Amino acid sequence: MSLLEQKLSGLLTKVRNEKPLVHNMTNVVVTNFTANGLYALGASPVMAYAPEEVADMAKIAGALVLNIGTLSREQVDAMIIAGQSANAHGVPVLLDPVGAGATPFRTESSLRIMQEVNVALVRGNAAEIAHLIGESRSIRGVDAGDDESSSGHSELAVRASRKLDTVVAITGAEDVITDGDTLRVVRGGDARLTKITGAGCLLTSVLGAFAAVEPDVLLAGTAGLAFYGAAAFRAGARTTDLGPGSFQTAFLDELDRLAPDSLTGHATVQDYAATGGITS
Ligand SMILES: Nc1ncnc2c1ncn2[C@@H]1O[C@H](COP(=O)(O)OP(=O)(O)O)[C@@H](O)[C@H]1O
Ligand SMILES: Cc1ncsc1CCOP(=O)(O)O
Ligand SMILES: [Mg+2]
């Protein structure tokens, strides 16, 4: 196991031992799946939305995950209250800009959150991240367009990280994550993740669980992407001829079964300097 893989494995053990509380302000489609996925990973989920309580919940959480999937003006206002409380108490804030670019309201709301809250990590598909920095890419509702391949995601992630001044993760057939200096490419997963709703949303909350136990957000995010990819790969291998329903169940089981050595043979992480070649 490489030194990086050893560090990532240590973070899974920390999540399991510390069972961090992850405060999710998420969308109505994925709420149950997100809570079950966080439980399977070993974290403690809570969903709380009322403006009267979000500041109090965010400050006792290990991480706050803001997800605009079924947003309203009132909900975005509450997210900002929660985000500012998290910032004031040293709690990392993660943003999933679901459907940014599909409508101006989604793009503007994501940018407003990023202006008013110090966001530690943004995770989205390539189309969502591109639209956050004013670049155009095809998006259909909450999904990246059909023309989407993983080509160019690394460069896009670096541009976005530098412009938005935060760690950026772009997911797809391959995942990339960068703080603008270091870039990591994570390979794993299973294409059936695109057939179950909430695969991206749960992933952002999983990244939140890792950020709750590791202040280096790039490292925490890498661990989350890698273990998520490994669980999906293992679920895929167990359900080869089956459809998304069986895959989803197997995936939750594999999140639960993850062990510190589960990356071996199931997910790979490559480290690059953002401007050049592989560093490890
Ligand atoms: N073609 C694919 N093959 C394997 N895994 C994929 C593929 N597309 C997406 N994934 C995985 O699905 C998860 C959700 O990513 P993505 O579909 O990009 O997010 P979203 O659902 O927010 O659009 C990530 O773990 C990603 O690695
Ligand atoms: C289908 C849908 N519509 C609004 S939010 C949502 C869920 C999106 O989940 P994900 O981005 O993880 O696929
Ligand atoms: Mg999404």
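What follows draws every value from the coordinates through simple rules; no lab data is involved. This structure is a prediction, so every number in the text was calculated from the model and none was measured. A quick note on method: Cβ atoms are made from the backbone with ideal geometry, for glycine too, and the neighbour counts reach across all protein chains shown.
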Next item on the list: Scan around M47 for amide H atoms under 5 Å from its own, H built in the peptide plane at 1.01 Å from N, and keep only partners 5 or more places away or cross-chain.
Entry: N24
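Can you tell me how segment 34-153 classifies by the Cα gyration tensor, rounded, prolate or oblate, using a/c under 1.5 as the rounded cut?
Prolate, since a/c reaches 1.5 and a/b exceeds b/c.
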Item checked: Prolate/oblate/rounded label for the chain (Cα gyration tensor, a/c 1.5) -> rounded
Notebook entry, point to check: Projected onto the charge dipole of the chain (+1 at Lys/Arg Cβ, -1 at Asp/Glu Cβ, origin at the Cα centre), which of L71, A259, T171 gives the Cα projection farthest towards the positive end?
Noted result: A259
Next item on the list: Specify whether the C-alpha gyration tensor of segment 124-244 places it in the rounded, prolate or oblate class, a ≥ b ≥ c being the square roots of the eigenvalues: rounded for a/c under 1.5, otherwise prolate if a/b is larger than b/c and oblate if not.
Entry: oblate
Notebook entry, point to check: Taking the chain as a Gaussian network, where each spring joins two C-alpha atoms under 10 Å apart, which residue of S136, S151, S85 fluctuates the most?
Noted result: S151
Next item on the list: Please list, or write none, the lysines whose alpha carbon is within less than 20 Å of the alpha carbon of K19, excluding same-chain residues fewer than 8 places away.
Entry: K7, K59
Next item on the list: For segment 179-184, just list the computed ³J(HN,Hα) in residue order, Karplus coefficients 6.51, -1.76 and 1.60, θ = phi - 60°, integers in Hz, with x standing in for Gly and Pro.
Entry: 9, x, 10, 9, 10, 10
Next item on the list: For segment 153-163, just list the computed ³J(HN,Hα) in residue order, Karplus coefficients 6.51, -1.76 and 1.60, θ = phi - 60°, integers in Hz, with x standing in for Gly and Pro.
Entry: 5, 4, 5, 4, 4, 5, 4, 5, 4, 5, 6
Checklist line | Reachable aspartates and glutamates, given that their alpha-carbon falls under 19 Å from the alpha-carbon of K163 and they are not under 8 places away in the same chain | finding: D96, E108, E116, E128, E135, E155, D179, D181
Notebook entry, point to check: By count of other Cβ within 10 Å, fewest leading, how are E155, E174 ordered?
Noted result: E155, E174
Note to self: Explain nothing, just compute: Karplus ³J(HN,Hα) = 6.51 cos²θ - 1.76 cosθ + 1.60, θ = phi - 60°, for every residue of segment 39-56 in order, whole Hz, x for Gly and Pro.
What the structure shows: 4, 4, 5, x, 9, 10, x, 9, 10, 8, 10, 5, x, 5, 10, 5, 5, 5
Notebook entry, point to check: Under a 5 Å amide H to amide H cut-off, with H placed in plane at 1.01 Å, what residues pair with L21 once short-range neighbours are removed?
Noted result: S44, G62
Check: Given charges of +1 on the Cβ of Lys and Arg and -1 on the Cβ of Asp and Glu, with all other atoms neutral, how large is the dipole of the chain about its Cα centre, in debye to the nearest 20?
Finding: 220 debye
